[in-house]
1. Just give me the residues in the stretch 187-243 being within 30 Å of residue 382 (Cα to Cα) and part of a strand (DSSP E or B), in sequence order.
2. Here are 260, 297: which of them is more than 16 Å from the ligand (Cβ to nearest atom), not hydrophobic (A, V, I, L, M, F, W, C) and either not assigned by TED's automatic domain parsing to the domain that holds residue 26 or not in a loop (DSSP other than H, G, I, E, B) (or both)?
3. Give the residue that is surrounded by the most Cβ atoms within 10 Å (Cβ to Cβ), with candidates limited to residues of the stretch 134-147 that are modelled with pLDDT of 95 or more and either in contact with a Phe, Trp or Tyr (Cβ under 7 Å, 6 or more places away or on another chain) or over 16 Å from residue 181 (Cβ atoms) (or both).
4. For the stretch 216-234: of the residues being within 25 Å of the chain's Cα centre (by Cα) and under 20 Å from residue 185 (Cβ atoms), which is surrounded by the fewest Cβ atoms within 10 Å (Cβ to Cβ)?
5. Being outside any strand (DSSP E or B), at pLDDT 95 or above and hydroxyl-bearing (Ser, Thr, Tyr) is the filter here; which residues of the stretch 378-420 pass it?
6. When you check residue 85 against the structure, is it without any contact (Cβ under 8 Å) to a residue 40 or more places away in the chain, within 16 Å of the ligand (Cβ to nearest atom) and surrounded by 18 or more Cβ atoms within 10 Å (Cβ to Cβ), yes or no?
7. Considering (1) more than 16 Å from the ligand (Cβ to nearest atom); (2) farther than 22 Å from residue 302 by Cα; (3) at pLDDT 95 or above, say which one residue 184 fails and leave the rest.
8. Looking only at the stretch 1-43, which residues are within 16 Å of the ligand (Cβ to nearest atom) and part of a helix (DSSP H, G or I)?
Amino acid sequence: MERIIINGGIPLRGEVSICGAKNSVVGLLPAALLAEEGVCVIENIPGISDVSMMFSILESLGAKVRNINANTVEIDSTNITANVVPYEMSKSLRASYYFLGALLGRFQNAHVAMPGGCDFGTRPIDQHIKSFEALGATIVTDDEMVVHATADKLIGSTVYMDVVSVGATINAMLTAVKAKGLTVIENAAREPHIVDIANFLNAMGANIRGAGTDTIKINGVDKLHGCSYSVVPDQIEAGTYMAAVVATGGKALIKNVTPKHLESIMAKLIECGATIEEYDDSLLISREKPLVRCNVKTMPHPGFPTDMQPQFTALLSVASGVSVVTESVWDNRYRYVEQLINMGAQISVDGSIATVTGVEKLRGTRVGATDLRAGAALIIAGLCAEGTTTIEKIEYIERGYENIVEKFSALGADIKRVSIPDNE
Ligand code: EPZ
């Protein structure tokens, strides 16, 4: 078992390079299955455990996956015939449900167990199923929670999303690119990774317009082919390092980012006292002024991202004044708060609202990550805290952050990853 150990109180200084977006690449990799001729070469892939699992699923379906270098992969799906994702693999990550859309698009036949993933409230897929059925599929979920999707023919249709859903929007696109005629997705999600996956599919020969708006139009095509593509920078990884620099009162150059995707995060950090200079593909962020409170409400893009909520709450826990955090996307994304309270934070949660009364200092102690972004929040808290913070269950963090310990260490943090015997 591994733990992260941090001795806090050091302002972060230096520069950090951001990877390709996890929530884009976990959609791009299943999308590569739609290429019936040629290969997909995808660059700027983050070295994270969710990606490794995705590669294993692709290979289990008969695709050939070849690592060209640490962050570039070639996928050859020309000869795949399987359409069943192994049960244990499906359960190991939420994004496995994208194989439903991709295999339905490729073969009109897909069998994938309901996904696992982070545990913060119910994570239904009714909008995914609604999309598949609108395009002509029959969906049966068996008592082992395996979803079976089959269609004689996929026919373009209008899909109105009852809730703005990143996953359902992506899954609807993965199926609609091969459906006959026009598909219109109304009330679509607008995240940067939606645009990234639409651009990738268009590079494969699809005909998608309007990604990034709430209405996406797709004219089905007969066949998709391979392409070369580079994953969009990860707005949440970037936001995590930006929040850590501001929380510790440091100064750092954040490289390989798309500033336009960081507007809501930058606005909130500036409200808390940060100074930011924007460049084409990087930004210089610092905080010399006192860290002050602000209110934040998570919303679908272009609002403040829910995947930054835990990290930002950790920052607010040492900002002077009272802040109100409202989580409007997930119904239970405050499980990590008790860990921050163990470090001396003063936070009260009532439903979707967390009220944070800033304290002078957090104190280091032993805490455990409850999910990916909660783990990132605990790292930020540990970097600000007095004394030593030990973080357990870091496998959650490793799912979505490449070399997080090395990157924070390069920014001057006193942080290390240690192996502990399992019985300790
Ligand atoms: C994606 O999850 C991300 N995961 C999540 O990031 C992120 O929090 C979320 O989008 C919102 O941005 C991946 O991309 C792998 P949703 P997803 O469908 O697609 C409800 C991280 O930390 N809903 O946009 O599962 C749902 O309950 C992870 O990187 C339905 O009701 O999220 C939620 O309240 C955590 N029915 C809301 O919509 C559905 O069929 C948004 O969910 C689907 C969703």
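1. 233 - this is the single residue of the stretch 187-243 that is within 30 Å of residue 382 (Cα to Cα) and part of a strand (DSSP E or B).
2. 260
3. Restricting attention to the stretch 134-147, the residues satisfying the condition of being modelled with pLDDT of 95 or more are 134-140.
Among the residues that remain, those that are also either in contact with a Phe, Trp or Tyr (Cβ under 7 Å, 6 or more places away or on another chain) or over 16 Å from residue 181 (Cβ atoms) (or both) are: 138-140.
Working: 138: 11, 139: 18, 140: 10.
The extreme case among them is 139.
4. Selected residue: 217.
5. Selection gives 401, 409.
6. For residue 85, the condition - without any contact (Cβ under 8 Å) to a residue 40 or more places away in the chain, within 16 Å of the ligand (Cβ to nearest atom) and surrounded by 18 or more Cβ atoms within 10 Å (Cβ to Cβ) - is met.
7. (2)
8. Taking the stretch 1-43 and keeping what is within 16 Å of the ligand (Cβ to nearest atom), we get 18-31.
Matches in the stretch 1-43: 22, 23, 24, 25, 26, 27, 28, 29, 30, 31.
The values are calculated or read from the model by the stated rules, or taken from the named source; none is laboratory data. Predicted model only: the values in this text are computed from it and were never measured. For neighbour counting, all protein chains shown are included, and Cβ atoms are generated from backbone atoms with ideal geometry for every residue, glycine included.
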